[in-house]
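Please read the structure below before turning to the comments.
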Amino acid sequence: MKEDTPYLEIEGGFELSGEVRVSGAKNAVLPVLAATLLVPGIYRLARVPRLLDLYTMLELLEYLGASFRWEEDLLVVDTQRVEGWEAPYALVSRMRGSILVLGALTARFGRARVAKPGGCPIGPRPVDLHTRGLALMGARVEDQNEIWVEAPQGLRGAEIVLDFPSVTATENLLMAAVRARGRSRIVNAAREPEVEFLGRFLEAMGAKIRGLGTGVLEIEGGRELTPPSEPVTIIPDRIETGTYLMLAGLCGGEITVAGTEPQYLEAPLLKLREAGLEVEWEADRVYARATGPLRPLKVVTAPYPGFPTDLQAQIMVLLTQAHGISRITENLFKERFRHVPELQRMGADIEQEGGIAFVRGPTPLRAAEVKAHDLRAGASLVLAALAAEGVSRVYGLEHLDRGYEALEEKLRALGARIRRRREESFAAGRPSWAARGG
Ligand code: EPZ
């Protein structure tokens, strides 16, 4: 049987320079789309990134009874005919972010059934903080093969302490709390900009929330909510911003990332400066360039405002070019190192044990055939291929396309030699190019 495997063909080793404009944030638009389930109505969103994950979430909303259309660049979502409260495995397994409908559906319908997302390439991702919070709000919860939540009398306000400032758990409980009877407090809440943005969106719907951007959220539940009267613009993607900035240290040019929010990126920007990059920012743009040999770093991933785990793989590639030994500690997803063996195939000198990786540099990277096993690993392999002499092939685009809008076009605008290609191969037999000795 013939199969058609897409891959990125990248000829690396060239200087890249110029300006790239970031898209709206994947991890901001997903919770906002879930929030449109809270009350029936028409929601208009601007700067929505055209990503696989966006379409998966829209497919889930459609499955629940919503509809959507594009009005030029505005995404218009209509949730007036939503009746469903079940999220099936077929959709949830494609994107863990689907869990975000749990709080909104429970708040709207007094019940929800969401299939368990199953295994994730970056390690175990339990949902106990989500379900325990809903149980404290008076729901009956079953958490076996699927999550089954019931609150026939509706949810009531509660005092919730999160054992860990989980991003989506905070978002789910925030969405539940704005429709619960009475006041709620979420202590040790996540402070990520995407969480704060969801809070602002809920406020635009009429919710009353104190402490957004801090670790303690106070919510006056039960207020009347309506869709925001004006279109809401999705915040820029800080992870996409950070990904492009790494190019300044890897491909020797001057990179400007425009349309971004520098204040959301302080930890990564200061780390890049520590590594010896010249990094400046103003209003909505960040500028970076290499001024000399890169210095090794210690990087420890942490909840916001610490160094984001979603930039761990990308900075690892940068540090393969630093003069000395860097140490990267992954504290959020201990198994988030599936990019390491692929980078080693490209000649990187990395030793990884448990949640720590040691990167020795500078080590010239060489072109190779590599495969992305998760979204950010994919981004790191593209960066490595752009830095490596020769022509690489990056497979696993089903991961990369989940979180980077118009990646090839944006990179080509910086001078990259990159194109998406399809490879015909026989599922059972050797790939077609093997015969040609490729
Ligand atoms: C969000 O995932 C992001 N996804 C992730 O981005 C990001 O890596 C992560 O936050 C951390 O910043 C979205 O926003 C859609 P967590 P989330 O709950 O909410 C433990 C990307 O590449 N935990 O904050 O699932 C968990 O195991 C993706 O864009 C529990 O123990 O992450 C982990 O160790 C990948 N019980 C830690 O908390 C729970 O109930 C942080 O996870 C929930 C989480």
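The values are calculated or read from the model by the stated rules, or taken from the named source; none is laboratory data. Please read these numbers as outputs of a predicted model, since none were measured by experiment. Because the Cβ atoms are built from the backbone with ideal geometry, glycine has one as well, and the counts that use them run over all protein chains shown. For accessibility, only protein heavy atoms count, side chains too; no ligands or nucleic acids. Shrake-Rupley method; radii C 1.70, N 1.55, O 1.52, S 1.80 Å.
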Requested in this report: List, in order, the whole-Hz ³J(HN,Hα) value for each residue of segment 107-115 obtained from phi through the Karplus relation with A = 6.51, B = -1.76, C = 1.60 and θ = phi - 60°; use x for Gly and Pro.
Outcome: 5, 7, 10, x, 6, 7, 9, 10, 4
Query raised in the report: Which order do 289, 108 take when ranked by solvent-accessible area (1.4 Å probe, heavy atoms of all protein chains), largest first?
Result: 289, 108
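Could you state the accessible area per residue of segment 26-221 in Å², with a 1.4 Å probe and every protein chain left in place?
38
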Query raised in the report: Counting only residues 5 or more places away or on other chains, whose amide H sits under 5 Å from the amide H of residue 86 once H atoms are built in the peptide plane?
Result: 113
Report task. Report, in deg cm²/dmol and to the nearest 500, the calculated mean residue ellipticity at 222 nm for the chain, where each DSSP H run with n ≥ 4 adds -39500 (n - 2.57) and the sum is divided by the residue count. Result -> -8500 deg cm²/dmol
Query raised in the report: Over all distinct alpha-carbon pairs, what is the Kirkwood Rh of the chain in angstrom?
Result: 22.5
Query - DSSP beta bridge pairing in segment 1-124, given as percent antiparallel to the nearest 5 - result: 80
Query - For residue 89, solvent-accessible area (1.4 Å; no DNA, RNA or ligand), Å² - result: 130
Query raised in the report: Going by accessible area, probe 1.4 Å, with all protein chains left in place, what is the ranking of 7, 287, largest first?
Result: 287, 7
Query raised in the report: Over segment 26-221, what is the percentage of antiparallel beta bridges among all DSSP beta bridges, to the nearest 5?
Result: 80
Query - Cut-off under 5 Å, modelled amide H: who pairs with residue 304 long-range - result: 191, 192
**Report entry** Cross-link table 116/298; 26/208; 116/271; 26/271, entries beyond 32 Å C-alpha to C-alpha
**Finding:** 116/298; 116/271
Requested in this report: Might you work out the accessible area of residue 17 for me, using a 1.4 Å probe with all protein chains in place, and round it to the nearest 10 Å²?
Outcome: 50
Query raised in the report: What dipole magnitude, in Debye to the nearest 20, does the chain give about its Cα centre under +1 on Lys/Arg Cβ and -1 on Asp/Glu Cβ?
Result: 540
Report summary line: GNM of the chain, Cα pairs under 10 angstrom: of 191, 338, 420, the biggest fluctuation goes to 420
**Report entry** Contact order normalised by residue count of the chain, Cα under 8 Å, 6+ apart, percent
**Finding:** 21
**Report entry** In sequence order, calculated HN-Hα J values of segment 130-146 (Karplus, 6.51, -1.76, 1.60; Hz; x Gly/Pro)
**Finding:** 5, 6, 5, x, 5, 5, 5, 8, x, 7, 8, 10, 10, 10, 9, 6, 9
Query - Folded to 0 to 90 degrees: helix 167-177 orientation relative to the chain principal axis, Cα - result: 20
Query raised in the report: When all protein chains stay in place, what accessible area (Å², nearest 10, 1.4 Å probe) is found for residue 373?
Result: 50
Report task. Using only Cα atoms, tell me the angle between helix 193-204 and the longest principal axis of the chain; keep it within 0 to 90° and round to the nearest 10. Result -> 30
Requested in this report: Return a whole-number percent for the relative contact order of segment 103-254, with Cα pairs under 8 Å and 6 or more residues apart as the contact set.
Outcome: 19
Report task. For segment 26-221, with all protein chains present and a 1.4 Å probe, just round the carbon and sulfur fraction of the accessible area to a whole percent. Result -> 47
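Can you tell me the convex hull volume per residue for segment 26-221, based on C-alpha atoms, in Å³ to the nearest whole number?
Convex hull volume per residue, Cα atoms: 103 Å³.
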Query raised in the report: Ordering 185, 417 by how much accessible area each has at a 1.4 Å probe, largest first, what is the list?
Result: 417, 185
